[in-house]
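To start, the structure under review is shown below, and the notes come after it.
Just so it is clear, none of the values below were taken in a lab; they were calculated from the coordinates. Model, not experiment: these values are computed from the prediction. Here the Cβ positions follow ideal geometry from the backbone for every residue, glycine too, while neighbour counts run over all protein chains shown.
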């Protein structure tokens, strides 16, 4: 007797092996049997004839913690309806814990930190909080080094003292003991520009003790793109730790040609030991907070320093001069979330500039000031040719680079990146289109078993006996990503059933009122 039997499914098991038709029996949240179960009974059964059954997708770069949507939309409907069953939080050097000062000040660049009541300090306590809240998908997390560093220095832009570094290492080790997957660094953010090789190496020593991995947001994705990648390669060679590069991209038309060279460097580095992977989102538009648009020196020291700098006439003149070098990139950028200045949402920088009769450069500064430094832009700065290269690269994985949401958010006059509703379905469609050798089995492997192996998830990412039953049923002929730049608020087509830890989370167009995700702690 099984809790659930899925009958006559075309099984793609996650290992890049040929599909086979089988029944799958589930008991106590796990896969109990695979084969011919026609003589077996179950509390519930699903006829999966002509449907593909595969492991649930793993979103290795999710940001539901950064914008706090994990609290406002814990059901994670946008992810479940595109087949995601597990997310990794704590990317870009920022995690919800540990907190030295019980403050999420490091998140102020993304959202209003005053809207969350913090009921935890350690990462173990944060995990407990999420377990009690119950989340729609499985959740795991890295430790954000940026959090720890910012608290230790009280936001000052300087090297760590020896005593501060030891305190930071202690917090990292405690967090890893409590189940964190590894440590992330947001080297592309102003407050982490002071993080040097020696500091990373010292933190890496702790991560290695616990078989974790390192996540990196590159120091520069534009003119110093290759130099920034070389820094990561040197870290890999020295530490021999697995590394995940978040949102790997060469931004801006002048830098597009460097992407292919970057892939060759990664391949060469991985020749003996496959340690470097990268994630990407299959869209030509990237989302950026407005601080990333500004010259990095303007925001060193946080929001207080930013306001001081833009109100100084000499500094302001220098900022405008430097912004003028990027005007062609950002004038078409669309405001997707302008914080309390919601009337800017869904307008381009150029449209706002014309309305107020400002220059593009002045408009960027005015928006940054009016929105208190919290505005998110969509910028078309990624080459589609490079996306096609990334799709089939053996070391690429998929990350939505977005959080949790549902369609009802449309009523709040906001706008979002279409990846939040369709990143994984778009990936599947593009992957199959890009060549005869690109099979559905390869695509599934890239978003299930590969990331599970990379980040050390046990008993997930495969259809095999004893594995947790995170499963998806879909019709490959009906898969379609409807969300686009004009109307991102559309769920994809083709996903029929999503099972999380053996429970029907989504079935026949209906999301369960219960949330079945678990907090996944390393080991």
statement: In degrees, nearest 10, the alpha-carbon axis of helix 197-209 is tilted away from the dominant principal axis of the alpha carbons of the chain by 20
field: Principal axis dimensions, largest first and in whole angstrom, of region 174-237 by Cα
entry: 39, 25, 17
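What is the fewest-to-most order of 341, 54, 371 by other Cβ atoms lying within 10 Å of their Cβ?
Working: 341 15, 54 27, 371 19.
Fewest-to-most ranking of 341, 54, 371: 341, 371, 54.
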- request: In square nanometres and to one decimal, what's the mean projected area of the convex hull around the Cα atoms of region 289-379?
  value: 5.1
query: Roughly how tilted is helix 258-269, in degrees to the nearest 10 and between 0 and 90, from the longest Cα axis of the chain?
result: 60
field: Ordering of 482-492, 19-29 by burial proxy (mean other Cβ atoms within 10 Å per residue, highest first)
entry: 19-29, 482-492
message: Taking 25 °C and 0.890 mPa s as the conditions, I'd like the Stokes-Einstein D for region 156-195 in µm²/s, using the Kirkwood hydrodynamic radius from alpha carbon pairs.
response: 215
- prompt: Considering only DSSP beta bridges with both partners in the chain, what is the antiparallel share in %, to the nearest 5?
  reply: 55
query: Cα extents of region 261-321 along the three principal axes, largest first, in whole Å?
result: 53, 24, 21
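When a/c reaches 1.5 or more, the comparison of a/b and b/c decides; with that in mind, is region 222-371 rounded, prolate or oblate per its Cα gyration tensor?
Working: a/c = 2.44, a/b = 2.00, b/c = 1.22.
It is prolate, given that a/c is not under 1.5 and a/b is the larger ratio.
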statement: For 325, 125, ascending order of other Cβ atoms within 10 Å (fewest first) is 325, 125
Dimensionless Rg ratio for the chain, taking C-alpha atoms and the 2.2 N^0.38 Å reference: 0.95
